[in-house]
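Everything on this sheet refers to the single structure shown next.
Each value in this text was obtained by applying a stated rule to the coordinates, not by laboratory testing. On a predicted model such as this, the values are computed, not experimentally measured, just so you know. A quick note on method: Cβ atoms are made from the backbone with ideal geometry, for glycine too, and the neighbour counts reach across all protein chains shown.
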Amino acid sequence: MAIQLFVPNFRVEECLEQVRECLEKGWTGLGFKTQQIEEEWKVYTGLPYAHFLASNTVGLHLAFHMFKTKYGWNDGDEVITTPLTFVSTNHAIMYEGLTPVFADVDESLCLDPADVERKITAKTRAVIFVGLGGNVGQYDKIRELCERHGIKLILDAAHMAGSRNHGKHVGHDADVAIFSFQAVKNMPTADSGMICFREEEDDARARKLCWLGINKDTFARTTTQGAYKWMYDVEEVGFKYHGNSIMAGLALVSLKYLDRDNAYRRQLASWYEERLEGVDQIKLVPMTKGCESSRHLFQVRIKNRDQVMMALHEHGIFPGVHYRDNTEYRMYEYGKGTCPRSAAASSEILSMPMHMGVTRADVDTICDLLIRYIA
Ligand SMILES: *Cc1c(COP(=O)(O)O)cnc(C)c1O
């Protein structure tokens, strides 16, 4: 039996019940369950605002679009970012004509505050922080330096559903946090996400911008009067970025099991650690103290990574790589050489299978093979 990196664990009957409710009610779009998941997400995380989206990627774009127009940023203004991420993080900066400036990571594989500070210029407007695998890295220091320099902090929390820092759910002290509920993330739907602003006016504007700029306040007012449904106002160019009730239904089920699933991920991580700690030639990526991670990923570093990966494939075990250094991509090659620690990590990191179907025996099998093939 093959052991995959990620396998979403859908509670099928409960999901079907959610979808059935939508279909029977004749309401699959915006509203209904999208409102319900927003309310439940706010209660779960303690975050003050939440808007349900079609994906994390659209939320990242929305955040840059909104801050650029709100604060009068110019084309070519800079956003400090990590090369060790999924391309969405950096594309979202480009969508708005801003320039990704790469800073290096530390041993947690998250942004290193010292290098971030070195890369601040007169044109720096924001830092985007990726909590890789659910870990907070040195987020606290980055937040402090953003405040000190008067620049915005955007949290790409795609791996962080259920991650807590000093006992509180992550996101409350960023200007905006964006979560992903994509199928292989730790709170799976098919495709959806959540954007959580710190300020109410940003949340209100996001709600309009995610539905083409349509002002639903007028809409709601006129519908309650029973007429003039088309008499809404459109205030600015918006997007079709909001989520729908089918996805929200799946998210409601996933949220119900999120803490339980994350606890099992942490159990898997501690089994991996038990077997791999102290093994020469394997380095574990350290967790930050005070962080209760979602443990979306369990990453190790090995010198002969590609060789080990091929060998594991032969045994039906399929680990992953998160991520290839983005400055190796042609479109970001202008950043090549600026982040040596990211470049080194990129050729050494390996993400071990992490999902509800992995057993203790699987972990033992995987670790035996890892140890056999490391050089
Ligand atoms: C998956 C992922 C995204 C994009 O999320 P989608 O919901 O698929 O758009 C962004 N950033 C990181 C770090 C991710 O892993």
Nitroxide proxy distance, nm - points 7 Å out along Cα→Cβ at residue 28 and residue 4: 2.4
Segment residue 303-residue 368, length gained on full extension (0.36 nm per residue, minus Cα span): 21.7 nm
Distance-filtered residues of the range 24-65 - backbone nitrogen under 15 Å, label point 7 angstrom along residue 190 Cα→Cβ: 28-30, 54-55
Hypothetical label at residue 71: residues of the range 141-183 whose amide nitrogen lies under 18 Å (7 Å Cα-Cβ projection): 141-157, 171-178
Two-decimal Rg/Rh across the range 174-329, once Rg and the Kirkwood Rh are taken from alpha-carbon atoms: 1.13
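Students often get this wrong, so check it: of 42/229; 70/216; 119/168; 119/141; 152/256; 25/229, which have C-alpha atoms separated by over 24 Å? Display every interim value, and only then the final one.
Values: 42/229 30 Å; 70/216 20 Å; 119/168 30 Å; 119/141 15 Å; 152/256 32 Å; 25/229 20 Å.
Violating the 24 Å limit, Cα to Cα: 42/229; 119/168; 152/256.
Give the percent of DSSP beta bridges with both residues in the chain that are antiparallel, rounded to the nearest 5. Please list the in-between numbers first.
On the way: 23 of 41 bridges.
Counting DSSP beta bridges with both partners in the chain, the antiparallel share is about 55 percent.
With loop defined by DSSP as not H, G, I, E or B, and exposure as at most 10 other Cβ atoms within 10 Å, which is the longest segment of the chain clear of exposed trypsin sites (Lys or Arg not before Pro)?
On the way: sites that count: 229, 289.
In short, 1-228.
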Amide H within-cut-off set for residue 189, under 5 Å, with H built and near neighbours excluded: 182, 183
Length gained when the stretch residue 235-residue 95 is fully extended (0.36 nm per residue, less Cα-Cα span): 48.3 nm
C-alpha center-to-center spacing [the range 31-108, the range 278-309] in angstrom: 26
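Provide the three semi-axes, in whole Å and in decreasing order, of the ellipsoid equivalent to the range 115-174 as defined by the square roots of 5 times the Cα gyration tensor eigenvalues.
Details: eigenvalues 94, 24, 18 Å².
Each semi-axis is √(5λ); the values are 22, 11, 10 Å.
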Tail weight of P(r) past 22 Å, computed on alpha-carbon pairs of the range 244-375, percent: 47
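Equivalent-ellipsoid semi-axes (√(5λ), Cα gyration tensor) for the range 46-96, whole Å, largest first? Provide the component values of the computation, followed by the final result.
On the way: eigenvalues 73, 52, 20 Å².
Value: 19, 16, 10 Å, ordered largest first.
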Full-extension gain in nm, residue 20 to residue 147, via 0.36 nm per residue minus C-alpha separation: 41.0 nm
Efficiency of FRET between residue 324 and residue 200 - r from beta-carbon atoms, R0 30 angstrom, step 0.05: 0.20
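Take 121, 89, 81 and order them by how many other Cβ atoms sit within 10 Å, fewest up front.
Values: 121 9, 89 26, 81 30.
With the fewest neighbours first, 121, 89, 81 line up as 121, 89, 81.
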Tail weight of P(r) past 31 Å, computed on alpha-carbon pairs of the chain, percent: 37
Helical mean residue ellipticity (222 nm; -39500 (n - 2.57) per DSSP H run of 4+; nearest 500) of the chain: -12500 deg cm²/dmol
Bins of 5 Å, starting at 0 and running to the largest distance - Cα pair percent for the range 80-195: 2, 12, 23, 25, 21, 11, 4, 1, 0
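Quick one: order 64, 6 by neighbouring beta-carbon count within 10 Å, fewest to most. Before the final figure, lay out the partial values.
Details: 64 24, 6 19.
With the fewest neighbours first, 64, 6 line up as 6, 64.
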